[in-house]
């Protein structure tokens with residue numbers, strides 16, 4: 001599995017014409033660093049949980065910032081095609097995504113979408129739309145937003161924790177259940193909107209594992225998590241990061257830095273799955289990089305739960321050991337390092353982690 005991942009990464013770099021081998025080490029020239037910062041939203045309003053909400057005024061500030069600072073806002077399918085074909089990305093590229101399809105996105109965001117006409121993607125759960133129409137947008141409302149730049153995409157049928165196995169469920173049964181969640185939702189979307197929509201998938205809660213990634217890849221989906229980082233040529237197409245832009249992260253002072261960040265050139269990382277065993281209190285994270293001359297390894301800074309982690313380097317790889325036990329639930333390690341060639345811009349990498357309780361569960 002690891003050899004396959006590294007092989008794919010090298011193949012991508014060869015496609016871009018941006019890989020050389022010097023003394024057995026991979027080297028990427030300084031010019032090959034562009035990526036896309038994807039913003040992730042949920043609610044638009046001031047009467048919903050702050051942690052997943054932006055106000056309409058904040059969203060307008062974000063959109064104005066993108067335009068005033070010469071960002072090219074792209075739709076996700078265009079980005080995917082450009083990366084697959086080895087085309088150069090704009091030096092400042094961004095994308096906009098909105099999860100869940102809440103009704104307040106239409107009520108409070110429609111005027112902004114109509115005004116700015118920027119591409120954006122709304123990930124929806126068709127089953128929840130049927131069961132709670134007062135909370136979620138209707139297909140008619142989604143079709144209206146398509147006129148203003150929206151692409152409607154797949155967030156699964158019912159927004160469950162997809163990596164969890166039910167009691168007594170075999171691996172084959174779990175895989176079939178998740179495949180039904182994905183394909184039934186896609187069928188509903190295609191039927192409601194009148195034509196096949198792009199195969200874009202956002203993991204509920206941002207949770208995934210290698211088997212789920214493989215299922216999506218086999219059915220021609222590209223998939224997006226909720227770990228932070230930048231979509232670049234080496235990013236696995238079933239583990240694309242996004243920056244949260246709601247709540248405390250709506251602040252443009254910090255969000256601007258993220259929008260300008262660059263994709264750390266990761267060839268592979270351990271653990272391969274973000275879901276760790278309940279007994280695994282302090283996993284070691286190992287990240288294997290393409291040898292990049294655009295940053296100094298001594299300047300790599302990594303953080304977990306407010307603690308500074310000291311990377312241990314060995315040639316092109318660094319390892320991190322957590323200083324405290326993982327809590328039950330989701331957490332992440334973030335690493336940044338300044339670019340030498342592009343002042344004020346940082347390479348960014350995030351390793352998501354989920355530790356279940358003894359029963360294999362964790363909070364939403």
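The values are calculated or read from the model by the stated rules, or taken from the named source; none is laboratory data. Model, not experiment: these values are computed from the prediction. A quick note on method: Cβ atoms are made from the backbone with ideal geometry, for glycine too, and the neighbour counts reach across all protein chains shown.
Some values worked out for this structure:
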read-out: Residues satisfying the stated conditions in the stretch 80-108, i.e. surrounded by 21 or more Cβ atoms within 10 Å (Cβ to Cβ), under 18 Å from the mean Cα position of the chain (by Cα) and in a helix (DSSP H, G or I); value: 83
read-out: Qualifying residue in the stretch 45-59 (condition: without any contact (Cβ under 8 Å) to a residue 24 or more places away in the chain, more than 22 Å from residue 226 (Cα to Cα) and out of contact with any strand residue (DSSP E or B) (no Cβ under 9 Å at 6 or more places or on another chain)); value: yes
read-out: Count of residues meeting criterion [over 14 Å from residue 337 (Cα atoms) and at pLDDT 95 or above] in the stretch 288-302; value: 1
read-out: Unique residue being in the same structural domain as residue 125 (by TED's automatic domain parsing), part of a helix (DSSP H, G or I), surrounded by 19 or more Cβ atoms within 10 Å (Cβ to Cβ) and modelled with pLDDT of 95 or more when the list is 187, 213; value: 213
read-out: Whichever residue in the stretch 162-174 is surrounded by 16 or more Cβ atoms within 10 Å (Cβ to Cβ) and touching a helix residue (DSSP H, G or I) at 6+ places or on another chain (Cβ under 7 Å) and, among such residues, is farthest from residue 125 (Cα to Cα); value: 163
read-out: Count - residues of the stretch 109-136 that are closer than 29 Å to residue 68 by Cβ and more than 21 Å from the chain's Cα centre (by Cα); value: 9
read-out: Where residue 269 falls short, out of the listed (1) crowded, with 18+ Cβ neighbours inside 10 Å; (2) part of a strand (DSSP E or B); (3) touching a helix residue (DSSP H, G or I) at 6+ places or on another chain (Cβ under 7 Å); value: (3)
